[in-house]
Structures are given as structure tokens and as C-alpha cells.
Amino acid sequence: MENNTASPIMEYVTNETLIKQVANFFNVSVANVTNQSVVQQETLFDLYEAYRTKEKEQLIAYKSVAYVVGTLIILSNLIVVISSGLILRRGQQPKSTYLLLGNVSLADTIIGAAIIFGAIIDNSMASNPLCIFQIGMIVCPAIVSIFSVGLIAVDRYFYILHGLYYQRYFNTTRVRIAIVIIWMIGLILGFMPATGWVNNELLYTRCYYHALFPGALILFNSSLSLIPIILVTILYSIILVRALKNVKEIKAAEKSVNFNSNSNETPRLRIYRGNTNLNRTFPTKPQKTSMRRCASFNAICDNSKKRTFTRKTEKSKSIGDLNNDSFNGTDDRSYNKNLENSKEMLKSQYEDSKHQLFQISGHALEIESLDSKLDILSAKPSVETDQLQALVRLSPEVKQQWLHYFDERQITYKKVIDNLADAFRNEDDQIEAARASAKRSGRDIGWDTFYRYQEINDHLDELAAQYPNLVTVMNPALSYEGRQIKYVRISTTRFEDLRKPVIIIDAMVHAREWVTTPVALYIINQLVVDAVDSQLTQDIDWVIIPLANPDGYEYTHHEDRLWRKTRSKAHPGSDECPGVDGNRNFDHYWGTSASSANPCSIIYEGPTAFSEPEIRVIRDVVNQHLERAAMYISLHSYGNMFLYAWGNNGTLPSNGLALHLAGVTMATAIDALALDKAPRYVVGNAAQVLYFTTGTSRDWTRAVGVPLTYTLELPGYEYLFEVPTQYVEQIVQETWAGIAAGAHYVRTIYG
């Protein structure tokens with residue numbers, strides 16, 4: 001009986017597609033397959049079927065892995081994409097870095113989706129349009145990811161080694177354009193086979209990159225991808241070599257630092273590194289007795305009045321705060337809960353109760369622990385390693401308690417002012433005499449006295465009227481009590497030349513630091529009225545805020561000379577303890593220090609970051625000019641210091657060397673004009689020079705992207721916080737020399 005079933009070999013021979021697959025598998029021509037004998041053909045097809053069976057088993061294992069790996073890639077990178085978007089939305093800097101990082105993760109997310117897509121589609125051939133789409137989904141984002149990583153390397157290179165060039169070359173617009181370009185390149189190269197340029201030799205094999213892409217295109221893609229890889233290697237090697245070189249230079253400088261023989265200071269590099277500040281321990285055992293914080297602020301401590309203030313949310317503590325807890329044995333909030341009304345600290349009380357001023361010296365951590373418990377008018381590094389000197393005010397009712405405390409803790413002290421009321425009277429007499437002299441000479445503003453809020457604002461308005469092409473006075477907001485917070489914009493191009501860097505300076509954030517405002521006014525005078533250096537206005541735009549805290553400043557004139565904070569009453573406990581420390585109110589590690597959470601603390605950070613309208617003015621000015629802002633300086637008093645970030649943990653920013661060099665440039669210019677009795681300026685990291693601080697303008701401006709940011713502590717000489725009027729002119733002139741040197745440093749970078 002005849003069997004009508006076709007022979008398997010005949011099926012093979014008539015299936016042209018299968019014959020081509022077998023020929024491709026054995027790398028022979030189709031004719032070589034069809035011309036073989038039946039036995040040879042059966043052997044070939046059996047071998048091919050065995051390969052296909054093995055391949056299917058491998059594909060099953062691959063698919064299970066592909067689903068898991070693809071899902072993990074999508075989820076992990078999607079989290080980075082979303083995080084980058086949220087960070088950008090908050091305005092975090094540098095924006096370009098987060099844009100590129102988000103782009104890398106977006107590309108990798110698409111790769112993860114392509115892996116899953118390839119596992120879903122079974123037996124896709126190299127000639128199949130779905131294969132072109134699947135491989136294109138992998139090749140395109142892979143090219144984008146590699147090139148984005150290369151751009152990140154360039155971004156980091158400029159940010160770390162050429163910080164002041166950074167804003168010029170890596171603004172968000174240019175980065176977005178670059179991202180669009182590399183996506184276009186990726187789309188073109190990844191989907192080139194869609195034009196018909198494919199590998200004709202492997203059309204009938206499974207869907208693989210090498211099976212679809214012709215050899216020339218594979219070579220071109222690979223060569224192109226090597227460029228960013230080589231770039232990353234070179235740039236990060238340069239960064240590493242430069243870092244090692246900087247370390248070597250700093251160590252060499254420590255050994256060969258020039259020393260002024262006329263100075264009483266110990267020879268040292270112009271940076272107080274505080275080598276053990278971050279690993280410091282208490283030199284003595286913890287105190288057994290509890291000291292009431294009210295001792296530092298008021299004449300009387302009323303034990304019957306216990307006040308507790310709580311925040312809406314608890315914040316984690318900093319290292320310094322944890323150390324404070326071990327020191328006190330209690331939380332800072334309970335330690336500070338008994339306070340007298342700070343509003344009662346009027347000048348009359350200084351008359352009624354003999355407040356005295358003491359200079360104390362002790363271990364850095366000891367002084368740090370007192371920052372929220374005593375009214376520390378100023379602090380500066382001592383000649384001894386890890387020691388700080390601080391100026392504190394004590395009332396007679398609690399003086400003996402604190403002096404006993406100092407003795408127990410081995411904190412040395414000496415009285416520097418016996419009666420603050422006498423000092424204030426002398427200061428008032430000097431101011432009145434200087435103002436009368438200025439009035440007789442016909443001057444509205446002089447450099448040998450202090451002026452009130454309205455006089456300062458009137459002076460700014462007059463400058464704007466006299467120099468309309470150079471000066472613009474802005475009235476962005478009102479203080480808590482309704483006073484205008486004015487600032488001056490100085491520009492020969494009305495801030496329209498986007499190539500010019502911007503320098504931002506503020507003064508009088510702390511109300512009792514009177515000498516800071518004359519310095520700001522003198523800088524304006526030198527740039528506008530005297531115009532001593534036209535390059536500084538032709539090449540740089542300036543924003544200067546002479547009186548950032550008008551409420552507190554006025555309060556120091558008619559109520560309490562030593563008032564430090566704002567005068568707001570928008571927080572819990574504000575009826576008894578109004579005001580916020582403006583230099584703790586910035587959104588950089590705000591809320592991480594328990595010692596700053598108490599409204600009655602002299603360093604109270606406020607109910608929220610940027611809660612104070614005065615501080616929001618500074619924030620808005622910085623944000624408005626962020627793309628061009630090259631330098632920010634906040635004027636304070638006293639201590640002869642240029643302090644830079646990071647004050648919250650003692651580490652250095654990525655451009656720490658540039659910060660130090662620019663600071664030394666300014667400090668050297670000031671020291672050249674300083675009085676013989678003035679100590680040399682110290683330049684260094686704020687936490688290393690002094691102690692940990694959070695929520696400061698210096699750290700926040702550095703964090704949002706301003707390259708060079710400083711807290712400048714002005715001189716006090718032997719008069720400490722209360723600078724006599726006859727020294728004002730000396731201070732403003734020498735400080736201007738430093739500011740001008742810093743501005744020329746900026747010019748050399750941007751020129």
C-alpha cells in the first residue's frame with residue numbers, strides 16, 4: 001500500500017525559509033544544502049533542530065531572568081527619574097547635574113522596558129520589523145545613557161575645578177539642548193536598520209544586535225560610544241591628580257607659612273583647620289548639676305515659671321546636639337525651659353541691674369554646648385588647638401552660678417566690662433557727637449558714626465535719584481513690623497547683560513552688629529559715588545542689602561542694645577520670646593538641631609525655614625540671580641574671619657580650595673590696611689574654625705549653587721562687639737579693600 005505522507009526531507013527542501021536558516025546556521029550557501037544527499041541533508045536538519053531545541057530551553061530560562069531584571073531596571077531608574085524631577089522642582093542646585101542624572105535614568109528605564117519587550121515576543125527574526133523596534137529600543141537609550149554620563153563628567157570637571165565657569169557653561173537651557181541632541185543621535189543610530197540598512201547575511205537568524213546591524217554600523221556605534229568613556233576616564237583622572245596636588249600644596253604651605261613678627265599670634269597657615277574638632281571629646285566628666293538657661297538672659301530666674309515649647313514635628317539631632325545631650329543629661333528643651341521674658345531686657349534694666357561682660361576660653365565643644373544657653377555675643381578661635389574664646393553677658397543674680405560652672409568645666413574667664421550700662425552710655429555719647437559733626441559738615445551719611453533705619457533708606461533713595469543709570473533701589477517686601485526692606489542693584493547694564501557675574505552682599509541680619517551696615521553703605525559709595533574702580537561696575541553687577549533686619553535694628557536703638565533676632569511673633573511662645581535668629585532660618589539642614597528649636601534660644605531657627613520675611617528677601621534675591629551669582633558675602637561682627645561651608649558637619653564643598661583661595665585673597669588685602677593691633681584674618685571652614693551651625697545663609701547659598709559664599713566677621717579690636725565710632729571708618733575702608741580684591745578675583749575667572 002502506497003504511503004501518501006510526504007517525506008520530512010521533502011518538507012525541508014520545499015521550505016525555503018528553513019533552508020536559509022540551516023544555511024546561515026552552518027555558514028554555507030543554500031545550494032550547498034540542497035545539493036547534499038538525502039542522508040547528509042537529514043543530518044544537517046537534525047543538527048539544526050537539536051540546536052533549536054536547546055535554544056528554546058535557554059530562551060525559557062532567559063525569559064524568566066529578563067522579566068525580573070527588566071522590572072528591577074525600570075523600577076530603580078524610575079525612582080531616580082522622579083527624585084531628580086522633585087529635586088529640580090524644589091530648585092536644588094546644580095540643576096544641570098540633576099537634569100543629566102535624570103536623563104541617564106530615563107534612558108536606562110527604556111532599556112529595561114526593551115528587555116521585557118524582547119522576552120514577550122517569541123521567535124522574532126532579524127528580518128522582522130518588531131526586531132528592528134526591539135533592538136532600537138535598546139541601542140538608542142544606551143547611546144543616550146553613555147553620552148549623558150560623559151556630559152556629567154564634563155559637568156563635574158567644571159564644577160569642581162573651575163567653579164566660577166560653571167554657571168556660564170552649564171546653564172539649564174544649554175543642558176536641555178544637549179539632551180535633545182543626544183536623543184536625536186540615539187534615535188538615528190538606534191533605528192538606522194529601519195531605513196533598510198541591515199545585515200543581509202543573518203536575516204533569518206534570531207533577533208540579535210549583531211544579526212540586525214551591519215558590521216560598519218556596529219563599528220561606528222562602538223567607536224562613537226568610546227568617546228564619552230575615554231572622556232570620563234581623562235576628566236576624572238585630572239580631578240584626582242589635581243586633588244592630590246592640592247593636598248600636597250596645603251601640607252607644604254603649613255610648613256612654610258609666612259608669619260607677621262608684629263603679631264602676637266602663633267605662626268600658622270591662614271586657615272584654622274581644627275584637626276580634632278570633628279572627633280573631639282569632653283576634657284572633663286559630665287556636669288552633675290543643671291544650669292538654668294535664664295541665667296544668661298535675664299536679671300532674675302523665676303523657678304515657678306516653667307515654659308515648654310514644642311514643634312509640630314520632631315527633627316533628628318545633629319552630632320553636636322547629641323554631644324550636648326550627653327553633656328547635660330537632659331534634652332536641651334527641658335534644659336532651657338525656665339526663662340524670663342526677653343522682652344523685659346530694656347536699656348533701663350542694664351541701668352537697674354549691673355550686667356557684666358566676660359570673655360571665656362575653653363574646649364570648642366564646651367563653647368558649642370553653651371551657644372543656646374548663654375548669650376554668646378561672639379566667638380573666635382584661640383591660639384590653642386581646639387580652644388575657642390567667647391564673649392558672654394551675665395547678670396549679677398546668676399553670675400556666681402555660671403562662674404562656678406566655668407570652674408567645674410575648666411573654662412577660663414575674665415571680666416572685660418564691669419557695667420554694660422556705662423558702656424552703652426559712652427556709645428550713645430560718641431554717636432551723638434559724631435552725628436552732630438557730620439551734620440555741621442553738611443553730610444547726610446558719614447563713616448564715623450551709626451545711622452537709623454529711616455536715614456539709611458533716605459540715603460539709598462537719594463543715590464538712586466542722583467545715579468539713575470547705575471543705581472536702582474528695590475522695595476521687595478516689608479518686615480514683620482511693616483518696615484521697608486530695601487536693597488540696591490548696581491549695574492551699568494541694568495542687569496541685562498547675562499554674561500556679567502553678580503556679587504550679593506547683605507548686612508545687619510543680626511540686629512546688634514551695628515558696624516555691618518556702614519560697611520555695606522561704604523561699598524555702595526565706592527562703587528557709585530567715588531567710582532574708584534570702574535572695572536568693578538563695568539564687569540560685575542552688584543546686589544547689596546544694607547539693612548536686612550530693620551525691626552531688630554530699631555529695637556536695639558530704643559529698647560535693647562544687645563537684641564540679635566528679628567521681632568516676629570508668628571511662632572508658638574512668641575508672646576514671651578519673640579523673634580528668630582535670621583542666620584538659622586535658611587533651608588539648609590534646618591530643623592536638625594534641637595538647641596535651635598526653642599523660641600527662647602538666642603539661636604532660635606523659627607517655626608519653618610524661611611519663616612521670616614527679612615530672610616525671604618535674601619532668598620529671593622539669590623534665586624533671582626542664581627544663574628550668574630558668583631559670590632555671596634554676609635557681613636557680621638565680630639572676629640576677623642572669612643568662614644565658608646559646610647558649617648553643619650565640617651566637611652568641605654567640592655570647590656573648597658577655590659573658596660579658601662578667594663577668602664585668603666580678600667583677607668590678605670584687608671590685613672594690608674589693618675591696624676597694628678588688629679589680629680590677622682582667619683580663613684577656614686566654619687565648623688572647624690568655630691563649631692557646628694545649621695540653617696545659615698553661607699551654607700544655603702553654597703548648596704543652591706553660588707560658588708563662593710562666606711560669612712565675614714568684621715573686626716572688633718579690644719572693644720569686641722561694641723565698636724567705637726572712631727573705628728568705623730577704618731573698618732569700612734579696609735573691608736572695602738578685601739571686597740574689591742574678591743571682586744577682581746571673580747573678574748579674572750569670568751574675564
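The values are calculated or read from the model by the stated rules, or taken from the named source; none is laboratory data. Everything numeric here is computed off the predicted structure, so don't read it as measured data. Glycine also receives a Cβ, built like all others from the backbone with ideal geometry; neighbour counts cover every protein chain displayed. SASA here: full protein model, heavy atoms, side chains in, ligands and nucleic acids out. Shrake-Rupley method; radii C 1.70, N 1.55, O 1.52, S 1.80 Å.
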(request) Compare the peptides 737-747, 402-412 by average per-residue count of other Cβ atoms within 10 angstrom and give them in order, highest first. (result) 737-747, 402-412
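Could you give the length gained on full extension between Glu576 and Ile120, defined as 0.36 nm per residue of separation minus the Cα-Cα distance, in nm? Each step should come with its number before you reach the end.
Values: separation 456, 0.36 × 456 = 164.16 nm, distance 6.88 nm.
So the chain would gain 157.3 nm between Glu576 and Ile120.
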(request) Restricting things to alpha carbons, find the Rg to Rh ratio for region 598-671 using the Kirkwood radius for Rh. (result) 1.00
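What ratio of Cα Rg to 2.2 N^0.38 Å holds for region 139-243? Show your work: numbers first, answer last.
Working: Rg = 17.4 Å, N = 105, 2.2 N^0.38 = 12.9 Å.
Dividing the Cα Rg of region 139-243 by 2.2 N^0.38 Å gives 1.35.
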(message) What are the extents of the Cα atoms of region 62-158 along their three principal axes, in Å, largest first?
(response) 48, 22, 18
(message) Report the rotationally averaged projected area of region 533-574 based on its alpha-carbon convex hull, in square nanometres.
(response) 5.1 nm²
(request) Please give, to one decimal in nm, the separation of the simple spin-label points placed at Gln356 and Ile230, each 7 Å out from Cα toward the Cβ. (result) 7.5 nm
(message) Please compute the modelled spin-label separation between Gln733 and Gln466, points set 7 Å along Cα→Cβ, answer in nm with one decimal.
(response) 2.0 nm
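So if we plug the beta-carbon distance of Phe220 and Lys20 into 1/(1 + (r/R0)^6) with R0 = 41 Å, what FRET efficiency do we get, rounded to 0.05?
Between Phe220 and Lys20 the formula returns 0.90.
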(message) Can you give me the C-alpha center-to-center distance between region 689-710 and region 110-143, rounded to a whole angstrom?
(response) 48 Å
(message) Multiplying the sequence separation of Leu78 and His404 by 0.36 nm and subtracting their Cα-Cα distance, what value in nm do you get?
(response) 111.4 nm
(message) If you count only protein heavy atoms with a 1.4 Å probe, what accessible area per residue comes out for region 540-599, rounded to a whole Å²?
(response) 19 Å²
(request) Compute from the Cα atoms of region 423-577 the Rg and the Dmax, the latter being the longest Cα-Cα distance, and quote both in angstrom. (result) 16.9, 51
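Averaging the inverse of every distinct alpha carbon separation and then flipping it gives the Kirkwood radius. What is it for region 616-732, in angstrom units?
On the way: mean 1/r = 0.0673 Å⁻¹.
After inverting the mean inverse Cα-Cα distance, the result is 14.9 Å.
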(message) Just to confirm a number: summing +1 for Lys and Arg and -1 for Asp and Glu over residues other than Ile138 whose beta-carbon lies under 15 angstrom from that of Ile138, what do you get?
(response) 0
(message) For region 561-577 and region 579-645, what is the centre-to-centre distance using only Cα atoms, to the nearest Å?
(response) 16 Å
(request) Give the ranking of Ile182, Ile234 by solvent-accessible surface, highest area first, calculated with a 1.4 Å probe. (result) Ile234, Ile182
